[in-house]
1. Do the conditions hold for ARG343, that is, is it closer than 30 Å to ASP263 by Cβ and of a type outside the set (S, T, N, Q)?
2. VAL90 - would you say it is at pLDDT below 90, in a helix (DSSP H, G or I), open to solvent by less than 20 Å² (accessible area, probe 1.4 Å) and β-branched (Val, Ile, Thr)?
3. Out of the residues in region 509-543 that are farther than 19 Å from CYS482 by Cα and at pLDDT below 85, state the one that is surrounded by the most Cβ atoms within 10 Å (Cβ to Cβ).
4. Going through region 252-263 one residue at a time, which ones are farther than 13 Å from PRO349 by Cα and out of contact with any Gly (no Cβ under 7 Å at 6 or more places or on another chain)?
5. Is it true that GLY41 is among the small types (Gly, Ala, Ser), over 23 Å from LEU236 (Cβ atoms) and at pLDDT 70 or above?
6. Could you check region 70-81 and list, in sequence order, the residues that are open to solvent by less than 60 Å² (accessible area, probe 1.4 Å) and modelled with pLDDT of 90 or more?
Amino acid sequence: MGATLRALRALVLLLGFYLLSLVLLAALAGVDVLVFGWGHGPLTAKVGFVTVLLAIPVVRGMLMLRTPKGEDPPGLPVTDADEPRLWALVRELAAAAGTRAPDRILLNGEVNASVSEEPRLLGLLPGPRRLTLGVPLLIGLTEAQLRSVLAHEYGHFTGGDTRLSALVVRGRVQIGRVIGQFHAKADGKVAADRARQERASAKRVAKGRKAKEIDTTGVGATYRTMARIYTAYGKLYLRASLSTARGQEYAADLTAARIAGRDATASALREIPALSASHDFYLDSYATLGLQARLLPPRGEFFGGFGRLLAAREPEPAKRRAELPEMPVGPYDSHPPIADRVRRIEALPADGRADEARGAALTLLTDPERTLGALEDAVLLDELLACPRAAGWEELLNASMAAGLSATQTPLHRALTAYTGRPASLSALLDVIDDGRLWRLAERLPLSEVAAAAKGRAFREFVRPVLLRSLRTMVLAEFSACSLLSWEFSWTGPATVRLPGGDTGTGDAGPEADLDAALQAAVADHPDTGRLRALLPSAVQNV
């Protein structure tokens with residue numbers, strides 16, 4: 001569908017909103033005329049009052065003359081003086097696409113790139129343009145792949161997508177505004193009626209009578225019916241406008257392939273979902289690792305560490321690239337399935353550009369470390385930026401694990417507190433074990449019906465794994481509290497514990513083996529805490 005037809009569709013959809021509103025206003029006026037024709041009285045006044053209340057949200061929605069301008073998302077604006085190589089690439093690709101370059105570049109921390117425009121007169125006149133570029137793309141893509149991503153975004157400029165979005169967004173906002181007003185009116189009616197019934201019930205109770213059950217069924221039904229009418233049109237509006245958006249994505253992909261090459265475009269489309277999954281994992285497991293301890297990674301590493309993770313785990317994204325997800329398209333999806341987009345691009349004839357610009361896109365930045373640090377200042381919340389910085393990832397890990405162990409409440413902690421009536425501690429647990437009460441304590445653990453019904457040895461076999469895990473956690477917390485525990489940081493796998501004595505917990509002998517044997521002895525059929533006490537700091541060894 002060409003830009004003219006898309007503009008016509010957007011205009012028809014917007015006019016449909018006004019037509020629907022006029023029809024509803026006419027219906028409300030018709031109700032007034034009909035009721036007034038029957039005569040004047042309390043019912044006539046009430047109906048007139050209700051129709052006016054229903055008409056107000058409709059009229060307000062129709063009179064919204066300007067499309068609300070969204071605020072800039074959090075990000076780091078960069079000028080030509082800041083990043084000349086990046087700006088040169090942006091202008092070069094804009095010229096190749098035959099479109100006007102963005103007026104601003106905004107870097108952010110997302111695995112995404114987008115373009116936007118603020119046109120005037122509902123898209124009839126151009127306006128300022130902005131390119132928003134996620135730094136994780138610069139970290140994870142080659143320069144050729146980044147060229148493809150930017151060329152794709154410029155395809156939206158050349159197709160008029162950003163200018164036509166003013167029409168589409170205006171309709172969405174106006175429909176949403178009317179729906180929101182009707183729901184707010186209905187909620188207000190419910191709240192007022194509930195308050196009235198509660199006051200009446202309180203008076204009944206004060207007189208010694210039984211309070212009535214609060215029932216707001218049907219209150220605000222008229223407002224909600226009006227909201228449902230607009231919701232139905234809103235769904236039609238979204239389905240129609242988003243189906244057009246999927247066609248725009250295919251067209252923008254072809255622009256990218258023409259400018260940046262078939263192979264670079266296909267590889268970028270394969271790479272971005274893998275980057276997104278890796279980045280989510282990185283944020284959860286690394287960048288925010290120190291939040292429990294109120295620590296941030298070294299400056300620049302909150303985003304910069306992502307590159308270290310990718311370098312260390314390179315085979316993992318490669319597997320994701322090879323297996324693209326086959327996701328069905330829903331009626332409200334704005335993008336086609338990535339697998340379908342890749343197949344379309346890879347079906348294009350070879351263009352001999354497979355070996356272009358294989359260098360890392362991050363090298364386009366003049367000083368990546370400085371930019372990564374400045375990006376943290378621009379996008380992280382103030383309360384995060386107030387946290388001190390760790391000297392390195394090892395320190396961040398140790399502080400995080402220490403904070404986590406000190407705050408951990410295992411099922412055994414809770415059972416011990418319920419059993420003894422005192423705060424749970426390792427010393428108290430060892431005393432309970434030495435007194436021969438371990439299995440009575442174990443009855444306080446959360447158990448399945450089968451485990452709770454078991455007796456004797458069968459019961460002990462059910463609960464022993466839970467006891468072992470919880471007891472190990474309590475012992476590690478004790479080591480940590482005495483600064484005897486450290487952790488080995490890794491970009492390729494989970495952190496491993498270093499127990500007192502220098503073992504990393506990966507061998508079959510040494511402190512780790514001694515600890516496992518001591519834990520097994522402590523939860524054996526005939527428990528013995530002697531070996532475990534011998535491994536613990538002196539404060540816990542003595543009964």
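1. Numbers: closer than 30 Å to ASP263 by Cβ: yes; of a type outside the set (S, T, N, Q): yes.
Yes, satisfied.
2. On the way: at pLDDT below 90: no; in a helix (DSSP H, G or I): yes; open to solvent by less than 20 Å² (accessible area, probe 1.4 Å): yes; β-branched (Val, Ile, Thr): yes.
In short, no.
3. Result: GLY510.
4. Residues of region 252-263 farther than 13 Å from PRO349 by Cα: 252-253, 255-256, 259-260.
Across region 252-263, the qualifying residues are ASP253, ILE259, ALA260.
5. Details: among the small types (Gly, Ala, Ser): yes; over 23 Å from LEU236 (Cβ atoms): yes; at pLDDT 70 or above: no.
When the stated conditions are applied, GLY41 does not pass them.
6. GLY75, LEU76, VAL78
Every residue, every condition in (1) aromatic (Phe, Trp, Tyr); (2) free of Cβ contacts under 8 Å to residues at least 40 places away in the same chain; (3) within 25 Å of LEU24 (Cα to Cα), yes or no:
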{"site": "ALA195", "(1), (2), (3)": "no, yes, no"}
{"site": "ALA202", "(1), (2), (3)": "no, yes, no"}
{"site": "GLY218", "(1), (2), (3)": "no, yes, yes"}
{"site": "GLY234", "(1), (2), (3)": "no, no, yes"}
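Table: residues versus (1) surrounded by 13 or more Cβ atoms within 10 Å (Cβ to Cβ); (2) under 24 Å from GLY290 (Cα atoms); (3) not hydroxyl-bearing (Ser, Thr, Tyr).
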| residue | (1), (2), (3) |
| --- | --- |
| TRP393 | yes, yes, yes |
| PRO411 | yes, no, yes |
| SER427 | yes, no, no |
| ARG440 | no, no, yes |
| ALA454 | yes, no, yes |
| GLU461 | no, no, yes |
| LEU467 | yes, no, yes |
| SER470 | yes, yes, no |
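The values are calculated or read from the model by the stated rules, or taken from the named source; none is laboratory data. Keep in mind that what you see is a predicted model, and the values were worked out from it rather than measured. Cβ: placed from backbone, ideal geometry, glycine included. Neighbour counts: every protein chain shown. Heavy atoms of the whole protein, side chains included, go into the accessibility calculation; ligands, DNA and RNA do not. Shrake-Rupley method; radii C 1.70, N 1.55, O 1.52, S 1.80 Å.
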